[in-house]
Amino acid sequence: MSNYINDVRSVVGHEHSLVEERILRYFAYDNLREFTIPAVVVFPQNTDEIREIIKIASRYRIPLVPRGSGTGRTGGAAVIDSRTIVVSMLRFNHIIDVDEKNRIVITEPGVINADLHRAVEKCGLFYPPDPASMEMCTIGGNIAENAGGPRAVKYGVTSNYLLNLTAVFGNGLSYSGDRYVIKNVSSYNIPQMLVASEGTFGIITRSAHRLLNKPETINMAVVSVNRAEDFPGLFYDIMHKNIDPMSVEFLDKKIVNILSKSQELISGNAYASLLIEIDGNENDVKNRMVLLNGIVKGRGDIFVASDKEEIEKIRGIRRAISTEITKLYSKKFSCDIVVPISNIPNILDYLNELSKKSGVEIMSFGHAGDGNLHVNVLYDKELPNKNEIERCVIEGAVKFNGTITGEHGIGIRNLDYLNMIFSDEEIDLYRRLKKTFDPNLIMNPGKKITI
């Protein structure tokens, strides 16, 4: 066994490390499923242990891959070098404090997003970021990817709630952010530099997040849009006429047709469906639902849910998409592109044309309220031109003034597309920033940016 493996195991204790290959593989990949078996997995429980592990990796020039729950989709947590030390953050699983007076939660990075939601809601508080994997994904992973979710249209993403953090960087230096205030321009904003860095700068061991008051009332609606020509105007009015939705989820015609067979609230005749969530005080929500009814009239149909059972039924529609799709197609890949919301009709037309030209089924759903669409390419047999189709999807987003990923990150999968949106000079700047925090290039190398 290599010296560095013995050294890192001695830091955490042999009982908190793994070297058996049959178990190591479970810590080697995320949803991209492309990986190499690592040399060792360690489970530290405090910042001092993290610091020692980074020192050892620097001394031996060994890659480190920080890992939460492994729910990512682009290979951000994947092992690509067999010498790798995987640093699992699962023992950092404590909510340290829910400060009700200041509406702040202080947490360790291994806490599950949904568990944090439940903890703060018991205190009448609200943490908005709600990624689809919230029952599995960790707060540290959310910071590393800047996770969002359906509520981002109104409440923003993880970065909008991060106040401060504690971390150890690849250069061995630590940042101990223990001032938990809403405003702070005392120095460079180090915490935000770690947002969406995908573990390529350092390892977060604690973070503080601002909270909001829990909404008094939430109602939901299913809007079935009659015709393609109705969609642009209807969507514009929803976003601009004081509806102030908490979320606006979009299902294209192909997905609507599939779901209509199992979901009674989805009309198979519709061009598209929108799942809309509105929150606030009871009277305000009621008034905005009346306004929404008026906007939809003549351009579609609407079903409004106000009790918990009906609301959960609508949320179940969104959760059912992947299950229903995979009943019809054995294979798929998806891109999470983003375009300005005014260009959603244009990118949908582009994707329909791409589907016709390629002869491959393409379906889209996602967060229409902020322009973040999950484009699914579906097939049964092998797809020789898979990479070409994926590139065409990404090119479409760029063509309509969008970007290549809104939530899933770069990882290893999207590296080849960086030059579509960044100049050589900008990419060089990112490389220099990486080397500042991680001069020995040990922190999750080969992800986010290549050097």
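The values are calculated or read from the model by the stated rules, or taken from the named source; none is laboratory data. This one's a predicted model, so the numbers in the text were calculated from it and none came from an experiment. Heads up, the Cβs are rebuilt from the backbone with ideal geometry, glycines too, and the neighbour counts pull from every protein chain shown.
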**Request:** Taking only region 154-178 into account, find how many residues are loosely packed, with under 14 Cβ neighbours inside 10 Å and under 24 Å from the mean Cα position of the chain (by Cα).
**Result:** 0
**Asked** Could you list, in sequence order, the residues of region 422-436 that are among the β-branched types (Val, Ile, Thr) and within 27 Å of Tyr29 (Cβ to Cβ)?
**Response** Ile427
**Request:** Return the only residue of Val296, Val360 being without any contact (Cβ under 8 Å) to a residue 60 or more places away in the chain, of a type in the set (A, V, I, L, M, F, W, C) and not assigned by TED's automatic domain parsing to the domain that holds Gly148.
**Result:** Val360
**Complete:** By residue number, the members of region 167-176 that are of a type outside the set (Val, Ile, Thr) and outside any loop (DSSP other than H, G, I, E, B) are Ala167, Phe169, Ser174, Tyr175, Ser176
**Complete:** Only one of Glu216, Glu229 is farther than 11 Å from Gly300 by Cβ and in contact (Cβ under 8 Å) with a residue 40 or more places away in the chain, namely Glu216
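So in region 79-103, with the set limited to residues that are not charged (D, E, K, R) and not in a loop (DSSP other than H, G, I, E, B), which one is farthest from Glu20 (Cα to Cα)?
Val98
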**Message:** When the residues of region 55-81 are narrowed to those that are farther than 21 Å from Arg413 by Cα and not aliphatic (A, V, I, L, M), which ends up surrounded by the fewest Cβ atoms within 10 Å (Cβ to Cβ)?
**Reply:** Arg61
**Message:** Can you say whether Thr74 is in the same structural domain as Asp130 (by TED's automatic domain parsing), of a type in the set (Ser, Thr, Tyr) and within 24 Å of the chain's Cα centre (by Cα), as far as the supplied structure shows?
**Reply:** no
**Request:** Enumerate the pairs (first residue in region 131-144 and in contact (Cβ under 8 Å) with a residue 12 or more places away in the chain and more than 19 Å from Arg319 (Cα to Cα); second residue anywhere and of a type in the set (Val, Ile, Thr) and surrounded by fewer than 24 Cβ atoms within 10 Å (Cβ to Cβ)) with beta-carbon separation below 7 Å, excluding pairs fewer than 6 apart on the same chain, so at least 6 apart or on different chains.
**Result:** Thr138/Val111; Thr138/Ile112; Ile139/Val111; Gly141/Thr71; Ile143/Val195
**Asked** If only one of Asn31, Asn46, Asn6 is closer than 30 Å to Ile337 by Cα, of a type in the set (S, T, N, Q) and either surrounded by fewer than 22 Cβ atoms within 10 Å (Cβ to Cβ) or touching a Cys at 6+ places or on another chain (Cβ under 8 Å) (or both), which one is it?
**Response** Asn31
**Extreme residue, surrounded by the fewest Cβ atoms within 10 Å (Cβ to Cβ), among residues of region 348-375 that are of a type in the set (A, V, I, L, M) and more than 18 Å from Ile238 (Cβ to Cβ)** = Val360
**Message:** Kindly evaluate Thr158 against the criterion of being polar (S, T, N, Q) and assigned by TED's automatic domain parsing to the domain that holds Asn31.
**Reply:** no
**Request:** List every residue pair whose Cβ atoms lie under 6 Å apart, where the two residues are 6 or more positions apart in sequence or sit on different chains, the first residue falls within region 394-423 and is on the phi > 0 side of the Ramachandran plot, and the second residue, located anywhere, is surrounded by fewer than 22 Cβ atoms within 10 Å (Cβ to Cβ).
**Result:** Asn401/Pro340
**Asked** In region 257-310, how many residues are within 25 Å of Ala152 (Cα to Cα) and among the hydroxyl-bearing types (Ser, Thr, Tyr)?
**Response** 3
**Message:** Pairs needed: first member in region 435-448, surrounded by fewer than 24 Cβ atoms within 10 Å (Cβ to Cβ); second member anywhere, modelled with pLDDT under 95 and assigned to a loop (DSSP other than H, G, I, E, B); C-beta distance under 8 Å; at least 6 residues apart or different chains.
**Reply:** Lys435/Ile451; Leu441/Ile451; Pro445/Ile451
**Complete:** Residue count, region 82-105, condition among the charged types (D, E, K, R) and surrounded by 14 or more Cβ atoms within 10 Å (Cβ to Cβ), comes to 4
**Request:** Scan region 179-196 and give yes if some residue there is outside the structural domain of Arg299 (by TED's automatic domain parsing), on the phi > 0 side of the Ramachandran plot and either within 20 Å of the chain's Cα centre (by Cα) or of a type in the set (A, V, I, L, M) (or both), otherwise no.
**Result:** yes
**Complete:** Checked Val12, Val19 against criteria (crowded, with 19+ Cβ neighbours inside 10 Å and within 21 Å of Ile442 (Cβ to Cβ)); the one match is Val12
**Request:** Kindly indicate the residue of region 323-347 that is of a type in the set (S, T, N, Q) and not in a loop (DSSP other than H, G, I, E, B) and also surrounded by the most Cβ atoms within 10 Å (Cβ to Cβ) among those meeting that condition.
**Result:** Ser334
